[in-house]
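The values are calculated or read from the model by the stated rules, or taken from the named source; none is laboratory data. This is a predicted model, so every value here is computed, not measured. Every residue, glycine among them, receives a Cβ derived from its backbone with ideal geometry; neighbour counts consider all protein chains shown. Each accessible area value is taken on the protein alone, full model and side chains, heavy atoms only, with ligands, DNA and RNA left out. Shrake-Rupley method; radii C 1.70, N 1.55, O 1.52, S 1.80 Å.
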Amino acid sequence: MRYGHFDDERREYVIDRPDTPLPWINYLGTEEYFGLVSNTAGGYSFYRDARLRRLTRYRYNNAPFDLGGRYLYVRDDATGDFWSPTWQPTRSPLDSYECRHGLSYTRIASARGGIRAETLYFVPLGETLEVWRVRVTNDRDTAAELSLFSSVEFCLWDAQDDATNFQRNFSTGQVEVADGVIYHKTEYRERRDHFAYFACSEPLAGFDTQRDTFLGPYRGWDQPAAVERGAAFDSEAHGWAPIGSHHVRLALAPGETREVVFVLGYAENPRTEKFDPPGSQTLNKRHVRPVIERWLRPETVAEGFAALGAYWDRLLGTLRVTTPDADTDRMVNIWNAYQCVVTFNMSRSASFYESGIGRGMGFRDSNQDLLGFVHMIPDRARQRILDIAATQMATGGAYHQYQPLTKRGNNDIGEGFNDDPLWLVLGVSAYVKETGDQTILDEPVPFDNVPGSEVSLYEHLRRSVTYTQERLGPHGLPLIGRADWNDCLNLNCFSDTPGEPFQTTENASGGGAESVFIAGQFVLAAKELAAIAELRGRDEEAAGYRAAAEKMTAVIIEHGWDGAWFRRAYDFHGHPVGSSENDEGQIFIEPQGMCVLGGVGLDDGLAVRALGSVAERLATPHGIILQQPAYSDYRIELGEISSYPPGYKENAGIFCHTNPWIMIAEAMVGHGDRAFDYYRSINPSAREAISEVHRCEPYVYAQMIAGRDAPTHGEAKNSWLTGTAAWNFVAITQWILGIRPELAGLRVDPVLPAAWSGFRATREFRSATYEITVRKAAGVSGRVAYLVVDGERIDGTVVPPAPAGAVVAVEAVIEQ
Ligand code: BGC
């Protein structure tokens, strides 16, 4: 069952009923000011940091799930009937409804009783504000006397404090209303120099800034007293819950449309010019007035919206494909790329499943997010790499997560996830391959942001590798620490047998548990670093890294191979995990993917064998399960993984992030059909028709789909912010379609499903454009026989970089 459809032409997903199984959301903002917006206008906004600079309040885990947002009310002043043109919060029946989620904008249109309202929400480029452009049309054949009310609930900035510290917060709220603009200035008087403003293009009939006056006692957002009676109270918030609400009266002739613009923004004042006049308590708003005036003008709004479209044209123009599969085209050309950008911007901070409070930027996460983003805005990827690397410790270890504004680890999550440092090598290598920019390797980067501690980025990479080498366990495999990629596999939790200290998942980083996954990742990273070292003429170092990779490969084959697949790990007691010796959790997906990505088992048939085991034991029509059999009970020696009921999350859920590793591995061994089947099984667009099962948005990947042990097999959860976005993009574009940036140039080496008869692509790469045509007879499933580049047949499958501005025609021919 569908709840909407794709409009590929306009790059939109069109939702045609408001009661989607879950809120289907979108993101506003591309630079510093961001917002989440659901298909019923729920969500919130923040400036740079979802925790520390939250502009509007949102209560998670609400009933209904999604409550609180950028709400409008239309009131027919002749009858007193009022409703929300975005359906929420009044949920009054609408005669028509349509939500179009586009690239960094959302447009919600509806009609009731002959009154049509369409609201466009977006954040203009280069600004720290959002625009709501509302168009109200009178489709009746009589005049209409209407009221339009806006509303936002302000967050008192630090979202964590806002949600907990009520004894203080109920007394701190402050607003100012001047010339029809509502200013939210809580905490402005002391250490903070920022404020929010909410403005309207029309003369006001009234306003409200105190929530409980606007709503009335014991009322919710579905029935505000001010809206019901048709007049604002002109309330001023002193403490309690500051809001912003404008009341505008609209008299519309039959057929008339009126445009009303609301602008919600963030501003900072220099410390010395906070108040006007100095010493008073009146905000200095001189510098924001012109900004507000400009954005309240319809022409500015139209231009700003067009500029946003052009921005996305540029970004998505980097890679365009035309394949025989519409779901592939749509994801590669629009939605997967878009999700990669959003994930890059948000890391794992703010979604409808991430509160924006708990997690900041993940070291591992952000490095992987780069993989799907770097071709679109390499400069920002460069900046991000330097930022992430600056949080690394001199040991090579890293904060697992850090707050973007403070650059410090949040929630005391320090080192100990022993895979973290190696992702930096993979992120940097992807950047250098894409851009050819080696200067980044010489950039001075501090440790833990301590001035004076700078070494080159290249040295950071060396330390990442050394970090693993210095932390090997009894079998010579890397120590897992607190966990590796699988946050929930906490193998240094001792069992609480008498005489042994009890250790919980929170501090389980000591101990000798080992990870085969990190071993595979190490092989991959060491090879990547060897190639970078060679590029810099450091041949001896390169040879050292290659030898280290070989040595680790041998250890994996000796201690990490279980007979038909790669083992997952060894626990604190030295027992294998992910082995046929185990009663549950016998085979895990992660090492099958990562070891093959590192090249382990490619020459001796182990890779093919392992992938066969994955197909046999882990694959389902809804994607590949993380491990089997699921843990039926909690096991202290495995930690959090076994805390989940069978089929969910890391306990045998389909953890989508890991699936593309298998797609890539299958492509590496030449299995085009299997790689593509796996790709389609979790492609959200290909799952659109089963939206009642999948339940999350059909235009973006979710982190997890319930596994076969779950009663809700096939149900997705935790959409948007997941490494799944970047890795699927890499799997389909670089390995299945085979357009892969390498240090020496652009490789074109597709591994396609047999039924396809080729495809076409346009790829921008290092300032040149490659027009790629892949020709293959349907039914054939071989590899590229030869490339023809600008009419000349070349050896191998790497097209050397062309001069900037060149347009290069590449033809790849698959013959058997
Ligand atoms: C985290 C990832 C982790 C994954 C698997 C996600 O929630 O963001 O860093 O690899 O879970 O545990």
Accessible area in the full protein assembly, largest first, 1.4 Å probe, for Leu148, Leu296: Leu296, Leu148
Glu550-Arg140 FRET efficiency (beta carbon distance; Förster radius 60 Å; 0.05 resolution): 0.15
For the range 595-652: relative contact order, % (alpha-carbon pairs under 8 angstrom, 6 or more apart): 22 percent
Determine the distance separating the Cα centre of the range 1-68 from the Cα centre of the range 681-720; give it in Å without decimals. 18 Å
Area of Tyr33 that stays accessible when all protein chains are in place (1.4 Å probe, Å², to 10): 0 Å²
Spatially proximal aspartates and glutamates relative to Lys274 (Cα-Cα < 17 Å; intrachain offsets below 8 disregarded): Glu176, Glu187, Glu190, Asp193
First measure r as the distance between the Cβ atoms of Ala806 and Ser757, then evaluate 1/(1 + (r/R0)^6) with R0 = 35 Å and state the FRET efficiency to the nearest 0.05. 0.80
Heavy atoms of His287 accessible to a 1.4 Å probe, total area in Å² rounded to 10: 80 Å²
With the crude spin-label approximation of a point 7 Å out along Cα→Cβ, what separation in nm comes out for Thr272 versus Leu535? 4.6 nm
Place a +1 charge on the Cβ of each Lys and Arg in the range 205-354 and a -1 charge on the Cβ of each Asp and Glu, then give the dipole magnitude about the Cα centre in debye, rounded to the nearest 20. 360 debye
Find the relative contact order for the range 210-290 and round it to a whole percent, using C-alpha pairs within less than 8 Å whose residues are 6+ positions apart. 20 percent
Starting at the first residue of the range 421-434, write each ³J(HN,Hα) from the Karplus equation 6.51 cos²θ - 1.76 cosθ + 1.60 with θ = phi - 60°, in whole Hz, x for Gly and Pro. x, 5, 5, 4, 4, 5, x, 5, 4, 4, 5, 5, 5, 5
Measuring with a 1.4 Å probe in the full set of protein chains, what accessible area per residue, in whole Å², belongs to the range 129-210? 33 Å²
When the chain is reduced to its Cα atoms, the Kirkwood hydrodynamic radius in Å: 28.1 Å
What is the packing order of peptides 334-342, 169-177, 679-687, 537-545, taking the mean over residues of other C-beta atoms within 10 Å and listing the highest first? 334-342, 679-687, 169-177, 537-545
How big is the dipole moment of the chain about its Cα centre under a simple scheme where the beta carbon of each Lys and Arg is +1, that of each Asp and Glu is -1, and everything else is neutral? Debye, nearest 20, please. 1020 debye
Filter on Lys185/Lys285; Lys407/Lys717; Lys551/Lys649; Lys433/Lys649 - keep pairs with C-alpha separation over 22 Å: Lys407/Lys717; Lys551/Lys649; Lys433/Lys649
Helical contribution to [θ] at 222 nm, DSSP H n ≥ 4, -39,500 (n - 2.57), averaged over the chain, rounded to 500: -7000 deg cm²/dmol
Remind me, relative contact order of the chain in percent, using alpha carbon pairs under 8 angstrom and six or more residues apart? 9 percent
Got a number for carbon plus sulfur as a percent of the chain's accessible area, 1.4 Å probe? 48 percent
Whole-percent pair-distance distribution, where bins are 10 Å wide, for the alpha carbons of the range 1-144: 12, 40, 34, 13, 1
According to the Kirkwood expression over distinct Cα-Cα pairs, how big is the hydrodynamic radius of the range 261-325, in Å? 15.4 Å
Taking 7 Å along the Cα-to-C-beta vector as the label spot, tell me the Glu303-Val788 distance in nanometres, rounded to one decimal. 4.9 nm
Hey, how many Å between the Cα centroid of the range 115-144 and the Cα centroid of the range 159-217? 23 Å
So, how do all the Cα-to-Cα distances of the range 669-816 break down into 10 Å bins, in percent, from 0 on up? 11, 34, 28, 19, 7, 1
So, in nm, how far is label Asp77 from label Tyr218 when the simple model puts each one 7 Å beyond its Cα toward the Cβ? 3.1 nm
For Ala744, project a label point 7 Å along Cα to C-beta. Then give me every residue of the range 796-816 with its amide nitrogen under 19 Å of that point. 796-803, 810-813
